[in-house]
Amino acid sequence: MQAVDTIIHARWIIPVEPENTTYEYHSLVIKQGKILDILSTEKCQKKYQAAVEHDLKSHALIPGLINTHTHAAMSLMRGIADDLPLMEWLSEHIWPTEGKFVDYQFVKDGTTLAIAEMLRCGTTTFNDMYFFPDAAAKAAQEAGIRACLGLIIIDFPSAWAKDSDDYLHKGLQLHEQYRNHPLITTAFAPHAPYTVSDDPLKKIQSYAEKLDIPIHMHLHETQDEVQQALDKDGIRPIARMEQLGLLSPLLIAVHMTQLEDDDYKLLKRYGVNIVHCPESNLKLASGFCPTGQLSINKINVALGTDGAASNNDLDMLSEMRSAALLAKVVAKDASAIPAHSALSMATINGAKALGLNHLTGSLKKDKMADITAINLDTIETQPVFEAISSIVYSTNREQVTDVWVQGKHLLNNRKLTTIDEKQIRKNAKQWGEKLSSD
Ligand SMILES: [Zn+2]
């Protein structure tokens, strides 16, 4: 018998790689934070002896979900301004509130609130874009979740930085600080084409190539954004990004609701990654990302919730369902984005976009043990004919029972093990009172 750290026996294991595959009555073996083996429970009992064993008889194990676009700290602005279009929402509500309240503590408390919500719905990695990424990094580190922190760059000053050079300088410092961290990585995060000018974008492109880190940016979120760029620059934002050399496999382009026929070839040629945020796009009436067409063109599409102020939750299970449903009506094809594709978008495709697919995004030998367990033995999900379909089309986040990141048990039977739930609720309430008294 070989001694290992943890064994999880499960009714179903859905590795995601290979796609559309489900193992029944299998066990997953963890040693030193990594997946050592996945084998039938019968064989496992003869081969391994673990310090800790979990018998999840009615559960499915999936790779930890990857939320590839968030503004985690904006959880403190959940519901502050609803039912508005993007530009009015941003310029009349979000930006003025941020100008008054956002500081290190706001971001630390808001990100911790977001992480607690994300872990409770099975998310093990998030890709963030916000001011004070140092505070978000600290929150992620304390919670033990995997995170890619955006080194935010925007033309206007904030409490975090005074101008684009200052944003870049502070970002590079943070990158250096976390360069060898096991759970934290960084990406440049120029906010959007309409808020970042050419000069900082050129610098970002050159640094991203040198440091080999992604560029995480909102792009073609609305028709209005494209029209304003045409009026101002005479070219669409995507063409401007091509001229500036930003189109590459390092680019994570968020939203992309405005695509023309030639764009598919362009995106494929440069290997650009797309992040689809269906619920935020629906809520702000931004438009529809044609994921069915992108998938036919073999363009990598990941999923994100966007911030909780435009969603209004960070629930990747419901995001998967929304993505699968929306794809069908947009493509006028019920077979567009089947359940297993939606699950890949929420896992391995996000890992690929972040350059983390050697570590996470699927349940595979030698990858890190980033795992989510979902109880399918509930009224709402019985009977189960096909576990992947049950997870995408009928499971809600309350059914997520356990989460491991790098083998560490961060959610144990729905209890957070590294975060004080009472304290977070208290902090969030206090911020809510402060923001609403403004
Ligand atoms: Zn966003």
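Residues checked against (1) assigned by TED's automatic domain parsing to the domain that holds residue 214; (2) more than 24 Å from residue 266 (Cα to Cα); (3) buried (at least 21 other Cβ atoms within 10 Å of the Cβ); (4) not aromatic (Phe, Trp, Tyr):
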site: 313; (1), (2), (3), (4): yes, yes, no, yes
site: 324; (1), (2), (3), (4): yes, yes, yes, yes
site: 327; (1), (2), (3), (4): yes, no, yes, yes
site: 330; (1), (2), (3), (4): yes, no, no, yes
site: 335; (1), (2), (3), (4): yes, yes, no, yes
site: 347; (1), (2), (3), (4): yes, yes, yes, yes
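Let's see how each residue does on (1) outside the structural domain of residue 274 (by TED's automatic domain parsing); (2) assigned to a loop (DSSP other than H, G, I, E, B); (3) touching an Asp or Glu at 6+ places or on another chain (Cβ under 9 Å):
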| position | (1), (2), (3) |
| --- | --- |
| 377 | yes, yes, no |
| 388 | yes, no, no |
| 393 | yes, no, no |
| 425 | yes, no, no |
| 430 | yes, no, yes |
| 434 | yes, no, no |
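All but one of (1) farther than 19 Å from residue 375 by Cα; (2) part of a loop (DSSP other than H, G, I, E, B) hold for residue 37; which doesn't?
(2)
Is there any pair linking a residue in region 63-74 that is closer than 18 Å to residue 318 by Cβ and part of a strand (DSSP E or B) to one that is β-branched (Val, Ile, Thr) and within 11 Å of the ligand (Cβ to nearest atom), with Cβ under 9 Å and at least six apart or on different chains, and which?
67/305; 68/254; 68/275; 69/254; 69/275; 69/305; 70/305
Give all pairs with beta carbons closer than 6 Å in which a residue from region 266-285 that is of a type in the set (S, T, N, Q) meets a residue that is more than 14 Å from the ligand (Cβ to nearest atom) and part of a loop (DSSP other than H, G, I, E, B); count only pairs at least 6 apart in sequence or on separate chains.
273/300
Restricting attention to region 117-133, which residues are buried (at least 24 other Cβ atoms within 10 Å of the Cβ) and either acidic (Asp, Glu) or not in a loop (DSSP other than H, G, I, E, B) (or both)?
Across region 117-133, the qualifying residues are 118, 119, 123, 124, 125, 126, 127, 128, 133.
Kindly list the number of the only condition in (1) touching a residue at least 24 places away in the same chain (Cβ under 8 Å); (2) among the acidic types (Asp, Glu); (3) part of a helix (DSSP H, G or I) that fails for residue 231.
Looking at each condition in turn, residue 231 falls short on (1).
From the set of residues in region 287-308 that are among the small types (Gly, Ala, Ser) and crowded, with 24+ Cβ neighbours inside 10 Å, which is nearest to the ligand (Cβ to nearest atom)?
Only one residue fits best here, namely 307.
Taking the stated definitions as given, is residue 105 assigned to a helix (DSSP H, G or I), more than 16 Å from the ligand (Cβ to nearest atom) and either surrounded by fewer than 16 Cβ atoms within 10 Å (Cβ to Cβ) or assigned by TED's automatic domain parsing to the domain that holds residue 340 (or both)?
The answer is yes for residue 105.
Output the residues belonging to region 317-343 that are among the charged types (D, E, K, R) and over 20 Å from residue 397 (Cα atoms).
Across region 317-343, the qualifying residues are 328, 332, 333.
What do you reckon, is residue 60 of a type in the set (A, V, I, L, M, F, W, C), in a loop (DSSP other than H, G, I, E, B) and in contact with a helix residue (DSSP H, G or I) (Cβ under 6 Å, 6 or more places away or on another chain)?
When the stated conditions are applied, residue 60 does not pass them.
Do we find that residue 16 is within 16 Å of the ligand (Cβ to nearest atom) and at pLDDT 95 or above in this structure?
Here the answer is no, as residue 16 does not meet what is asked.
Inside region 395-417, can you point out the residues that are in a helix (DSSP H, G or I), crowded, with 17+ Cβ neighbours inside 10 Å and charged (D, E, K, R)?
Within region 395-417, just 397 meets the criteria.
For region 134-170, which positions are under 19 Å from residue 68 (Cβ atoms) and in a helix (DSSP H, G or I)?
Those that are under 19 Å from residue 68 (Cβ atoms) and in a helix (DSSP H, G or I): 136, 137, 139, 140, 143.
Within region 355-399, can you find the residues that are closer than 16 Å to residue 317 by Cα, hydrophobic (A, V, I, L, M, F, W, C) and more than 17 Å from the chain's Cα centre (by Cα)?
Those that are closer than 16 Å to residue 317 by Cα, hydrophobic (A, V, I, L, M, F, W, C) and more than 17 Å from the chain's Cα centre (by Cα): 373, 374, 376, 387, 388, 391.
Every residue, every condition in (1) closer than 19 Å to residue 183 by Cα; (2) at pLDDT 95 or above, yes or no:
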| residue | (1), (2) |
| --- | --- |
| 66 | yes, yes |
| 75 | no, yes |
| 78 | no, yes |
| 88 | no, no |
| 103 | no, yes |
| 118 | yes, yes |
| 123 | yes, yes |
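Taking only region 192-221 into account, find how many residues are within 16 Å of the ligand (Cβ to nearest atom) and either touching a strand residue (DSSP E or B) at 6+ places or on another chain (Cβ under 8 Å) or aromatic (Phe, Trp, Tyr) (or both).
Of the residues in that region, 12 qualify.
Listed here are the residues, each with its yes/no results for (1) buried (at least 17 other Cβ atoms within 10 Å of the Cβ); (2) acidic (Asp, Glu); (3) within 22 Å of the chain's Cα centre (by Cα); (4) assigned to a helix (DSSP H, G or I).
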site: 227; (1), (2), (3), (4): no, no, no, yes
site: 235; (1), (2), (3), (4): no, no, no, no
site: 253; (1), (2), (3), (4): yes, no, yes, no
site: 263; (1), (2), (3), (4): yes, yes, no, yes
site: 267; (1), (2), (3), (4): yes, no, yes, yes
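Mind checking whether some residue in region 160-182 is aliphatic (A, V, I, L, M), surrounded by 15 or more Cβ atoms within 10 Å (Cβ to Cβ) and in contact (Cβ under 8 Å) with a residue 60 or more places away in the chain?
no
The values are calculated or read from the model by the stated rules, or taken from the named source; none is laboratory data. The structure presented is a predicted model; accordingly, all values stated were derived computationally and were not measured. As a convention, Cβ positions derive from the backbone with ideal geometry for all residues, glycine included, and neighbour counts pool all protein chains shown.
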